[in-house]
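The structure under discussion appears below in the form of C-alpha cells.
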Amino acid sequence: DGGITQSPKYLFRKEGQNVTLSCEQNLNHDAMYWYRQDPGQGLRLIYYSQIVNDFQKGDIAEGYSVSREKKESFPLTVTSAQKNPTAFYLCASKTELDAGELFFGEGSRLTVL
Amino acid sequence: AQSVTQLDSHVSVSEGTPVLLRCNYSSSYSPSLFWYVQHPNKGLQLLLKYTSAATLVKGINGFEAEFKKSETSFHLTKPSAHMSDAAEYFCVVSIYTGRRALTFGSGTRLQVQP
C-alpha cells in the first residue's frame, strides 16, 4: 500500500543533541512538507520541498534543517539551536506544490529531557 | 493574505445527535477548502474537500460540508454522531498564488458522550 512512513514514532533527546526524524513516501509525490504541532494549536510549517535538491523555509524554520536527496525521502533534523523542540512532528506530501490535498504520516513525538 | 478560524475549540455531543463544527475563512482569491480529522497521536486524515465544484461536499464516515461564499464559511456536519467520531478536526484553506499556501485552523476537539 502507498503511504508515508515516519520514524521513529517516539524519540527522547537530551538537551544539546541533534536528532533526525525520517520521512519516506512511496506515493510518487513531488512536494513534501514538515509540520510541527503543539497542544491546542494548528499545524505550523517548518520546511517544504517541491523537487529533489530544492527546499524552502516555512514559518518556523529556525533551529531545523532538511535535505531532499531523493524524491521519496525528506528527513528533518532538529538541531540544538531549536529552543523548544518538544512537539509532535508531522510529515506530509502531495502530488504537486500548487494543487491537491495533503497526505500525512503517523507523526513522530519528540521529547527533550 | 488568507486565514481560517474554527469558531469552537471544543464541542461535546451525545451519541446519535447531530454534529456541527464551524469554520470561517478569509481570502482574496477563490479557495480550496479541506476538513481533516486527527485521532490521538496519529496523522491527519482527509475527510472531504471543496475545489470549486459542487458547494455541498460529501466525505467519508457520513460527514459533509457546505461551502457558502456569501458567509465565507465551510461548516462540517454529520446527522448522527458515533463514539468513534471523537477526535480533533482541522479546517484548512488553500489558495493558489503561484505557490499554493495552506493555512490550518487551530482545531476543534469533538467529544461524544454515550
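Could you compute the net charge surrounding residue A:36? Neighbours are other residues with a C-beta less than 12 Å from the C-beta of residue A:36; K and R count +1, D and E count -1.
Numbers: positive: A:44, A:109; negative: A:38, A:59, A:62.
Here the count lands on -1.
The orientation-averaged projected area of the convex hull spanned by the Cα atoms of the stretch A:21-113 comes to 5.9 nm². With the cut-off at under 16 Å, measuring from each backbone N in the stretch B:19-58 to a point 7 Å along the Cα-to-Cβ line of residue B:71 picks out B:19-26, B:55-57.
Working value for the stretch A:1-64: equivalent-ellipsoid semi-axes of 21, 16, 13 Å, each the square root of 5 times a Cα gyration tensor eigenvalue, largest first.
Let me confirm one metric for peptide A:23-30, namely the mean number of other chain beta-carbon atoms within 10 Å of its residues' beta-carbons. Present the calculation step by step, with values, prior to reporting the outcome.
Working: counts 0, 0, 0, 0, 0, 0, 0, 0.
Shielding by partners across A:23-30 averages 0.
How far is the Cα center of the stretch A:58-113 from the Cα center of the stretch B:1-47, in Å? Rounded to whole Å, the Cα centres lie 22 Å apart. Close amide H pairs (under 5 Å, H built 1.01 Å from N) link residue B:111 with B:11, B:12, B:13, residues at least 5 positions away or on another chain. Using θ = phi - 60° in the Karplus curve 6.51 cos²θ - 1.76 cosθ + 1.60, the 3J(HN,Hα) couplings for the stretch B:102-114 round to 9, 10, 9, x, 7, x, 10, 8, 9, 9, 10, 8, x Hz; x is entered for Gly and Pro. Scanning residues 5 or more positions from residue A:13 or on other chains, those with amide H under 5 Å from its amide H are A:111, A:112, A:113, with H placed 1.01 Å from N in the peptide plane. Cβ under 13 Å from residue B:105's Cβ, residue B:105 left aside: what net charge do those residues give with Lys, Arg +1 and Asp, Glu -1? Every neighbour counted, the sum reads +1.
Computed about the Cα centre, the dipole magnitude for chain B is approximately 380 debye when only Lys and Arg (+1) and Asp and Glu (-1) carry charge, each at its Cβ.
The share of C-alpha pairs in chain B whose separation exceeds 25 Å stands at 17 percent.
Here, each number is a calculation from the coordinates, and none is a lab measurement. Since the structure is predicted, the reported quantities are computational estimates derived from the model, not experimental observations. For neighbour counting, all protein chains shown are included, and Cβ atoms are generated from backbone atoms with ideal geometry for every residue, glycine included.
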